[in-house]
1. Identify all residues within region 48-65 that are open to solvent by 30 Å² or more (accessible area, probe 1.4 Å) and either touching a Cys at 6+ places or on another chain (Cβ under 7 Å) or assigned to a strand (DSSP E or B) (or both); write none if there are none.
2. Do the conditions hold for Thr21, that is, is it open to solvent by less than 80 Å² (accessible area, probe 1.4 Å), β-branched (Val, Ile, Thr), touching an Asp or Glu at 6+ places or on another chain (Cβ under 6 Å) and more than 11 Å from Val4 (Cα to Cα)?
3. Restricting the search to region 66-84, which residues are assigned to a helix (DSSP H, G or I), open to solvent by 80 Å² or more (accessible area, probe 1.4 Å) and either touching a Gly at 6+ places or on another chain (Cβ under 6 Å) or in contact (Cβ under 8 Å) with a residue 24 or more places away in the chain (or both)?
4. Could you please give the count of residues in region 5-47 that are over 13 Å from the mean Cα position of the chain (by Cα) and either touching a residue at least 60 places away in the same chain (Cβ under 8 Å) or not in a loop (DSSP other than H, G, I, E, B) (or both)?
Amino acid sequence: MARVLVQEAAFDMGAETAALTAGRTDVGGVASFLGVCRGDDGLAAMVLEHYPGMTERAIARIAEQAEARWPLTGCTVIHRVGRILPGEPIVLVLTASAHRAAALEACAFLIDWLKTRAPFWKREEFAGGTHRWVEARAEDEAAAARWAGA
């Protein structure tokens, strides 16, 4: 069963990886994705909002799909909410399997879903007090579409 957390606090990727694999001899590969807040174009912060409970359930459902689709031995998804500064981590996806291909594919599937379908609302804040809501990007939608027919 996947471990899913939505939280304001930062996380430790090394500690999360160690927890996923502790005492396991059936793990042959761990795939990871660490999303970090960029500071380009004058971005001062990213603010992520969500509906508590609903967001965690939605992420848990897609993690269950990944576990059904690939032979995973473990899965962790942590997504931060609140005000996040450039250079700070936003999201962590870890997938473990006996073989690397399953771990890599499941990790890509999960991050593509998080980027395009997860119930988060993202607002960028810029120096000088301006802000804008983040819109979906065509290239992210295209990346996620590859999983529909697979």
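1. We begin by selecting, within region 48-65, every residue open to solvent by 30 Å² or more (accessible area, probe 1.4 Å); these are 49-52, 54, 56-57, 60-61, 64-65.
Passing the criteria: Glu49, His50.
2. no
3. Arg69
4. Of region 5-47, the ones over 13 Å from the mean Cα position of the chain (by Cα) are 8-10, 12, 14-30, 38-47.
With the extra rule that they be either touching a residue at least 60 places away in the same chain (Cβ under 8 Å) or not in a loop (DSSP other than H, G, I, E, B) (or both), the set shrinks to 8-10, 14-21, 24, 26-30, 40-47.
Counting residues in region 5-47 that are over 13 Å from the mean Cα position of the chain (by Cα) and either touching a residue at least 60 places away in the same chain (Cβ under 8 Å) or not in a loop (DSSP other than H, G, I, E, B) (or both) gives 25.
Residue-wise test of (1) among the aromatic types (Phe, Trp, Tyr); (2) closer than 24 Å to Ala10 by Cβ; (3) at pLDDT 95 or above; (4) open to solvent by less than 50 Å² (accessible area, probe 1.4 Å).
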residue: Gly87; (1), (2), (3), (4): no, yes, yes, no
residue: Leu94; (1), (2), (3), (4): no, yes, yes, yes
residue: Ala101; (1), (2), (3), (4): no, no, yes, no
residue: Glu105; (1), (2), (3), (4): no, no, yes, no
residue: Lys115; (1), (2), (3), (4): no, yes, no, no
residue: Ala127; (1), (2), (3), (4): no, yes, no, no
residue: Glu139; (1), (2), (3), (4): no, no, no, no
residue: Ala144; (1), (2), (3), (4): no, no, no, yes
residue: Ala148; (1), (2), (3), (4): no, no, no, no
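The values are calculated or read from the model by the stated rules, or taken from the named source; none is laboratory data. Owing to the predicted nature of the structure, the values given are computational and were not obtained by experimental measurement. When we count neighbours, we look across all protein chains shown, and the Cβ atoms used for this are built from the backbone with ideal geometry, even at glycine. Remember, those area values only see protein heavy atoms, side chains included, never the ligands or the DNA or RNA. Shrake-Rupley method; radii C 1.70, N 1.55, O 1.52, S 1.80 Å.
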